[in-house]
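Working notes, beginning with the structure itself.
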Amino acid sequence: MIAFCKKCCAAITIQKWWRGTLVRRSLQHAIICAWLVQKWWRMISFRRREEKRLMALSTYIWSEKASVLLQSMFKMWLMRTRYKKYQRAAQIIQSSWRHHSFQKASGAYSFNNLNQDGIDLNIEIVVE
């Protein structure tokens, strides 16, 4: 009876060890499966967050580019307007200066000035 009891106790010990091994294996398998699911979910959630971030960034960049372009076009229009204004002022000054210079130069050869110098340029035309 004692031998049977020792064999029985040994069998029970082996069964405990085997059941513990099976439980540990199944728990290890469950842990690995849970780890894989968590890894997959983290990857999916990271992709979604990254897509949202890129969408927000592109929207922000688009509005920034639009505002910079609008400001640039306004400044260009303003500078062009100023340039045209200054160009027109320069044209008026040049025109007035040329007119003044021409009047001064042509005034030296007018009839009034020539008569004062003692040169008489009266020409008589005789038709027969």
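The values are calculated or read from the model by the stated rules, or taken from the named source; none is laboratory data. Worth saying up front: this structure is predicted, and the values here are computed from it rather than measured. Note that each Cβ is placed from the backbone with ideal geometry, even for glycine, and that neighbours are counted across all protein chains shown. Ligands, DNA and RNA are excluded from the accessible area calculation, which covers all protein heavy atoms including side chains. Shrake-Rupley method; radii C 1.70, N 1.55, O 1.52, S 1.80 Å.
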Quiz item: For labels at ILE61 and ARG42 in the simple 7 Å Cα→Cβ model, what's the distance in nm?
Solution: 2.8 nm
Quiz prompt | Inter-part distance where segment 29-65 and segment 71-109 are each reduced to a Cα centre, Å | solution = 63 Å
Quiz item: With every protein chain left in place, what is the accessible area of PHE74 in Å² (1.4 Å probe, nearest 10)?
Solution: 120 Å²
